1. Would you mind telling me which numbered condition in (1) buried (at least 22 other Cβ atoms within 10 Å of the Cβ); (2) part of a helix (DSSP H, G or I); (3) at pLDDT 90 or above residue 393 fails?
2. Kindly establish whether residue 170 is within 21 Å of the chain's Cα centre (by Cα), open to solvent by 10 Å² or more (accessible area, probe 1.4 Å) and touching a residue at least 24 places away in the same chain (Cβ under 8 Å).
3. Specify the residue that is farthest from the chain's Cα centre (by Cα); the eligible residues are those in the stretch 396-413 that are in a loop (DSSP other than H, G, I, E, B) and surrounded by 15 or more Cβ atoms within 10 Å (Cβ to Cβ).
4. Inside the stretch 358-371, can you point out the residues that are open to solvent by 40 Å² or more (accessible area, probe 1.4 Å), over 20 Å from the mean Cα position of the chain (by Cα) and in contact (Cβ under 8 Å) with a residue 24 or more places away in the chain?
5. I'd like to check something: does the stretch 377-388 contain any residue that is at pLDDT below 95, assigned to a helix (DSSP H, G or I) and loosely packed, with under 13 Cβ neighbours inside 10 Å?
6. Yes or no: residue 355 of a type outside the set (Val, Ile, Thr) and either in contact (Cβ under 8 Å) with a residue 40 or more places away in the chain or open to solvent by 70 Å² or more (accessible area, probe 1.4 Å) (or both)?
7. Within the stretch 215-231, can you find the residues that are assigned to a helix (DSSP H, G or I), surrounded by fewer than 20 Cβ atoms within 10 Å (Cβ to Cβ) and either in contact (Cβ under 8 Å) with a residue 60 or more places away in the chain or of a type in the set (Ser, Thr, Tyr) (or both)?
8. Only one of these is within 20 Å of the chain's Cα centre (by Cα), β-branched (Val, Ile, Thr) and modelled with pLDDT of 80 or more: 130, 115. Name it.
Amino acid sequence: MEIHAQRRLTSSQIILLGFAALILLGTAVLMLPVSTRGSGHAPFADALFTATSAVCVTGLVVHDTALYWSGFGQAVILLLIQIGGMGVVTVAVSVTMFSGRKIGLMQRGLMQESISAPRLGGIVRLTRFILAVSFTVEAVGAVLLYLPFSRVVGGGKAVWYAVFHSVSAFCNAGFDLMGVWEAGSSLTAFSANPLVNITVVALILVGGLGFLTWDDLRCHGFHWQSYSMQSKVILSLSAALLVLPFCFFYGYEFARAEWGTLGGGERLWLSLFHTVTPRTAGFNTADLARMSEEGRCVTICLMLLGGAPGSTAGGMKITTLAVLMASAAAVFKRNEESYLFRRRIPQETIRSAAAVALLYTALLLGGGLFISCREALPLGVCLFEAASALCTVGLSVGATAQLGAASRAVLIALMFLGRIGGLTLVFAALRPTDNGAARYPQESIHVG
C-alpha cells in the first residue's frame, strides 16, 4: 500500500489563514450588541468591513467610529489594529515566548517570512525588539497627544483618545474618534496644531520605516556605511519621498484659491501631514473632497508606494520602487546586472518586484473600474477609494460609506490582499512546480 505524506500548510498559507481567522473573530465580537451604541447589533456586512479594515490597518469605515461603536467596540477595534499592525504571527510568537514555551523552527520560519527578515537566526531577539519599540513609541506618542486632547475633552476621555490615536498612528491604521464633533472629520480640527502634527507624523514615520531598519539603526548607530543595503534604500528613498511631495503640496495644492487664505504655518503643516499620511496612515487634516485632481493623483501614487517591508505600513513597498528603478537604470546603461549602493541585486528580486508592481496595478485598475461601473461614480473617485483599500491607507473622499454591497466586498478583498501582500497570496494559492531539467526553447521578443 502506498503511503502518502501528509500535506502541510506553507508559511504563506498559515499567514493568510491567520489574518482571515482574526478578521472573522473580530467580526463576531463586533456583532455583539455591546459593541454598538443604542439597541440592536451591527449587521454582518458592516462588522466584517470594520474588522477587515482594523486588522488590515486600513482605516476605511462605513460608520463613524466614535458615533456608531460603543467604548467596548472601540476597544475591540483598537486591539485588532494592534495585532494587525504588529502582525498576527508576531503576536502569536510573542504569546508563545512569554508563556515559557520553546519557539520551534516552524514558528521561527513563519516569523522570518512575516517580517521579511533576511535570516532565521536572531528571530526571538528581534521579536522582543519589535515589542519594545512598538509599546515604547506608542506610550510616548500617547503622552504627547494627551496634552492637546486634554484641552478639548475631559481628563479620562483625553487619555483614551491619546492612546487610541497613538496606536492607530503608529500602526498606520487611520482610525479616529473625532466624529463626536463632526462625522468623518479625522484630525482637521488640529490642522494648525504643531504638537499634534509633529507627533502623528513621527508615529507614522517610525511605524512605516520597518522594524528591521530600526534594528539596523540600533546596532550601528549613525555609521551609514555599516547599514544593510535595504536600510540605506529605505532611509534615502523615504527622505526623497518627504521632500518632493512636500514641495508639490506646499507650492501648488495648498496654494490654490480653493483652500482660501492659509497662514504660513497652517499651509506648512497641511503640506507636511499630507506628504506623510498617504504612506499609509489614513489620517487627514484637510478635506480631501476639496483636493484637486492633481493632488489626488499624487496621493494615489504615494499610497501605492507605501512604506518599508516588515513595517506597519502597506502599499507595494518603497523597496519595490527602488529595485525597479535600479533595473531600469541597468537597461538604460546596457549593464547586465542591477546595483543599489554598490551591491548587486539578485535577478529573483527583480522578477518579484516586477510581479508585485504588475499585481498592484492590475488590482487597482480592476477594483476602481468595477466600482465605477457598479456605482456610476467618477473613475478618479473610485480609483482613489480602491488605492486606499489596496494599500491599506484609509483615506477617502467620502464615497466608501455610500457604496453598495458588491463594491464594499471588492474593498474588503483589496484590503485583505494589500495587508497580507500580493506575493504571499500567490504563494499560498500556488505550489512551486518542479520542471526537472527540462527547458523550453528560447526565442526573442521585442519590448518597449
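1. (2)
2. Details: within 21 Å of the chain's Cα centre (by Cα): yes; open to solvent by 10 Å² or more (accessible area, probe 1.4 Å): no; touching a residue at least 24 places away in the same chain (Cβ under 8 Å): yes.
It is false that residue 170 is within 21 Å of the chain's Cα centre (by Cα), open to solvent by 10 Å² or more (accessible area, probe 1.4 Å) and touching a residue at least 24 places away in the same chain (Cβ under 8 Å).
3. Taking the stretch 396-413 and keeping what is in a loop (DSSP other than H, G, I, E, B), we get 396-399, 403-404.
Then keep just the ones that are surrounded by 15 or more Cβ atoms within 10 Å (Cβ to Cβ); that gives 396-397, 399, 403.
Details: 396: 15, 397: 18, 399: 20, 403: 22 Å.
It comes out as 403.
4. Across the stretch 358-371, the qualifying residue is only 370.
5. For the stretch 377-388, residues at pLDDT below 95, assigned to a helix (DSSP H, G or I) and loosely packed, with under 13 Cβ neighbours inside 10 Å: absent.
6. Working: of a type outside the set (Val, Ile, Thr): yes; either in contact (Cβ under 8 Å) with a residue 40 or more places away in the chain or open to solvent by 70 Å² or more (accessible area, probe 1.4 Å) (or both): yes.
Against the criterion (of a type outside the set (Val, Ile, Thr) and either in contact (Cβ under 8 Å) with a residue 40 or more places away in the chain or open to solvent by 70 Å² or more (accessible area, probe 1.4 Å) (or both)), residue 355 qualifies.
7. Hits for the stretch 215-231 are 218, 226, 229.
8. Working: 115 fails: modelled with pLDDT of 80 or more.
Result: 130 is the single residue among 130, 115 that is within 20 Å of the chain's Cα centre (by Cα), β-branched (Val, Ile, Thr) and modelled with pLDDT of 80 or more.
The values are calculated or read from the model by the stated rules, or taken from the named source; none is laboratory data. Nothing here was measured: the structure is a model prediction, and the numbers come from that model. Backbone-built Cβ (ideal geometry, glycine too); neighbour counts: all protein chains shown. Side chains are part of the model used for accessible areas, which takes the heavy atoms of the whole protein and leaves out ligands, DNA and RNA. Shrake-Rupley method; radii C 1.70, N 1.55, O 1.52, S 1.80 Å.
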